[in-house]
Amino acid sequence: MTPKAAKATKDTKATYAEPVVSARDVTMTYGDVDVLQGVDLDIHRGEIFALLGPNGAGKTTTVEILEGFRRRSAGEVSVLGADPERGDDAWRARIGLVLQSWRDHRRWRVAELLTHFATYYPDPRDPAELLALVGLTAQGGRQVERLSGGQRRRLDVALGIVGRPELLFLDEPTTGFDPEARREFHVLVERLAREEGVTVLLTTHDLAEAERLADRIAMLVGGRIRACGTPAELARQAAARAEVRWTADDGTIHRERTADPSQLVWELHRHADGPIAGLEVRRPTLEDTYLHMLHRETDGTDGTGGIDETNGTDGTDDTARAA
Amino acid sequence: MTNVWRAGLQRGRIELRHLLRSPKEMSGHLTNVVVALVIAVYVTGDVPGTHVPTAHLVLAGFAAYLLFQIGLVNLPQILVTEREEGTLLRLRATPGGIPAYLVAKSMLVVVMAAGTLALLLAVAALLVDGPLPHGPGGWLTLLWVTTLGLLAVVPLGAAVGAVLPNPREALALIMLPTMALLFTSGTVFPSTSLPVPVQQVAAVFPLKWMAQGLRSALLPDTARTAEAAGSWELPMVALVLTAWAVLGFLLAVPLLRRAARRESGSRLSARHRKAAQSGALPA
C-alpha cells in the first residue's frame, strides 16, 4: 500500500466512522405546535459543534432530546451508539452536562462536591487536578454559594467533565462572563476537544463564541437546520459579498460591496498616487450569515441581496485589514 | 451497586454535617424540642383517672409529632428545594445518582429522627423528670413504633415532596393539615375531650397511632385507662402504620420517578425565572 493509499483509507475511515451524535428527521410536537420539523444532525468525535438559533427555534428541545431528558415525537436518534431515551447508567457516565441554570449544592464546599461526584464514575479525573484545570484551586475550600457567577460556571464545567465524558453538552456556557473569563473558558474547551478528543455540543447566542470555538456550526431556525458547516462555509453560503471601505482624497468615506475585493483594491491602487487612507476589507461575518438566514426565514424570500440589511450591525468582529 | 451505596452514604454524611453546621436549620429543630420542654414544665396535674403526670403525655405526644414533622414537613421541603435548585437534575445526569440520593436522604431522615427523639427524651428526663421506657419491653415498643412510624410518614413525605410546586407554596400547603392533625390526634392533650367525629377523622391518619404507640412505650401501663379505647391498641397501631407505609411506597415510587424524569434544563430555567419574578430567589 502506498503512503497515499494509506492516507486515503484513513480519511475514509475518519469520514465514515460512526458519528458521536446522529439525528435523522427528528420531530417534536407539543399539542398542535411543531417545535422541531425534521432535524438532521451528525457530530463527529473530537468535534466542537455549535448549535445557533434564536429563542424558540427549538435549540433547547433538540439538546434535551439528545441528552435523553425529553422524548421526541418521531425520528431516529443515536448518541454514543445508543438511543438517549433508553440510555442506562453506563451511557450516562460517558456524557457530561453543563447547564446554565444550576444552583444546586450551595452549602457544599467546592473540593468536597467535586470529590463526591468523582465517586459515581468508574475512571474519574483527580479532583485536585481538575480544580487546577478550571482555575478554582484557591476556592477549593469555599462554599459553592460564595462563588462568583463565572467561578460557579467553571465549577459546573469541572463537574461536567469529572467522569471523563466522551461527549460534553454546554448550554450557553459563558453567559454573564467577563471577557477574560470567557477567554479562559474558550481555552479550556479547546483543550478538552483538541487534547482529549472530547466531542462538544455547544448552544450559544454568542456568534463570536461560536465562530471562535466551533469546528462546525448548525443554525436552527423555525424547527429546522437551515445551514450547517464551518464558519467560513456558512459565510459563503449566505452569498454575501465583502465590503471594501476607504477614504477618498476629499475626505468622504466610500463603501462598496463586491464579490472580488482583491480586484477592487487593486483598481483603487492603480488609480491612486499613494497609499489609500482608511482602506478596509470586511469579509462577511458569521453574524451577517446568521441575520441573513433569519431574514430569509421571516421574509420567506430567498434574499440573495438581503445581506445589505445587516450592514450596520457587524461592527465588532472579523475585520480583515488590508494596506 | 456498591458504588451507589458508597456514594449515597458519603452524600448522607456530608449533608448531615452541613445540617449540623447550619445555625438556621439546627435552631429550627432545637426550637421544637425547647417548645416541648417548656410546655411540659407548664403543664401540671395528672392525666384524668391516673397517677401519670400530664407532662409525660405531652412529651410522648411531642415525640410522635416530631417524627411526623420530619417525614411530612422537613423531608418534602428538602425535596422541593433540591428539585428547584437542580440537585435532582444533576443527580439524574449522573450514573447512579438518583439511587444514591435516596440512600442519602433515608440516612439523613433516620439520623434526624433518632437524634431529635433521643435529644427530647434525654433532656426531658434530665431537666423536667420526663418519661423513659419502663424495662426492655418499653424500649422495644419505642423502637418498633418509631421505625414503623417513620416508614409510614417518610415515603408519604417523599411523595408529597415530588408533587408540591415550589418551596414557597410548599410550606403553606403542608403546615395547615399538619397543625390540624397535631391538635386532633391526641398528641398534646387527650383526644377524648374532642367530638367523636373529629377523633374518627384523626384516627385515619398516622399521627394519632404514632402518639398512642409512643405513649404505650413511655408511660406506665396504668395510663392506658385514659386512652379512648381503654387500651394501647398496639395491634391497631401496627396495622394502621403498616398500611400508611405501604400506601406511601406505592405513591412515592412512581411520583419520585416522574419528578426525576420531568427534570430538564429548560424546566429548571423556567422555574428560576418565575422565582426571580416573584423576588423569592437571589439571582
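What follows draws every value from the coordinates through simple rules; no lab data is involved. Please read all numbers here as calculations on a predicted model, not as lab measurements. A quick note on method: Cβ atoms are made from the backbone with ideal geometry, for glycine too, and the neighbour counts reach across all protein chains shown.
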* 12 Å cut-off, amide nitrogen to a point 7 angstrom out along A:D88 Cα→Cβ, residues in the range B:243-270 -> none
* Structure fact -> Residue-ordered couplings for the range A:36-43, obtained by feeding phi - 60° into the Karplus form 6.51 cos²θ - 1.76 cosθ + 1.60 and rounding to whole Hz (Gly and Pro as x), are 10, 10, x, 9, 10, 8, 9, 10
* Asked: Taking the simple approach of a point 7 Å from Cα along Cα-to-Cβ for both B:L20 and B:R257, what is their distance in nm?
  -> 3.6 nm
* Relative exposure of A:S22, B:S27, judged by other C-beta atoms within 10 Å (fewest first) -> B:S27, A:S22
* Asked: Among A:R92, A:R164, what is the fewest-to-most ranking by other Cβ atoms within 10 Å?
  -> A:R164, A:R92
* Relative exposure of B:S216, B:S266, A:S73, B:S193, judged by other C-beta atoms within 10 Å (fewest first) -> B:S193, A:S73, B:S266, B:S216
* Under a plain spin-label model, where a point goes 7 Å from the Cα along Cα-to-Cβ, how far apart in nm are A:A248 and A:E195? -> 5.5 nm
* Asked: For the range A:19-233, what value does the Rg/Rh ratio take when both radii are computed over Cα atoms and Rh is the Kirkwood radius, given to two decimals?
  -> 0.96
* Structure fact -> Asserting the computed 222 nm helical MRE of the protein assembly as shown (DSSP H runs at least 4 long, -39500 (n - 2.57) per run, divided by residue count, to nearest 500) equals -17500 deg cm²/dmol
* Report the extension gain between A:A132 and A:V33 in nm, rounded to one decimal, defined as 0.36 nm multiplied by the number of residues separating them, less their alpha carbon distance. => 31.0 nm
* Considering only DSSP beta bridges where both residues belong to the range A:19-233, give the percentage that are antiparallel (nearest 5). => 55 percent
* Pairwise FRET efficiency - B:W5 versus B:T178, Cβ, R0 = 25 Å, nearest 0.05 -> 0.20
* In Hz, Karplus ³J(HN,Hα) per residue of the range B:69-79 (6.51, -1.76, 1.60; θ = phi - 60°; x = Gly, Pro) -> 5, 4, x, 10, 10, 5, 4, x, 4, 4, 4
* Antiparallel bridges, percent of DSSP beta bridges restricted to the protein assembly as shown (to nearest 5) -> 65 percent
* At a Förster radius of 60 Å, what calculated FRET efficiency corresponds to the Cβ-Cβ distance of B:V35 and A:E180, to the nearest 0.05? -> 0.70
* Report relative contact order for the range A:19-233 in percent, whole number only (criteria: Cα-Cα under 8 Å, sequence separation at least 6). => 30 percent
* **Highest-MSF residue in chain B out of B:G161, B:G135, B:G149 [GNM, Cα springs under 10 Å]** => B:G135
* log10 I(q)/I(0), Debye, Cα-only the protein assembly as shown, no solvent, q = 0.07, 0.08 Å⁻¹? -> -0.58, -0.70
* At 7 Å along the Cα-to-beta-carbon direction for both B:L119 and A:D273, put a label point, then send me their distance in nm to one decimal. => 9.2 nm
* **Alpha-carbon centroids, the range A:19-54 and the range A:115-190: separation in whole Å** => 26 Å
* Asked: Taking chain B as a Gaussian network, Cα atoms linked when under 10 Å apart, which of B:R273, B:R83, B:R261 shows the biggest mean-square fluctuation?
  -> B:R273
* Nonlocal amide H pairs with A:R226, under 5 Å, H built at 1.01 Å -> A:M219, A:L220, A:V221
* Cα shape, the range B:105-207, gyration tensor, a/c 1.5 rule -> oblate
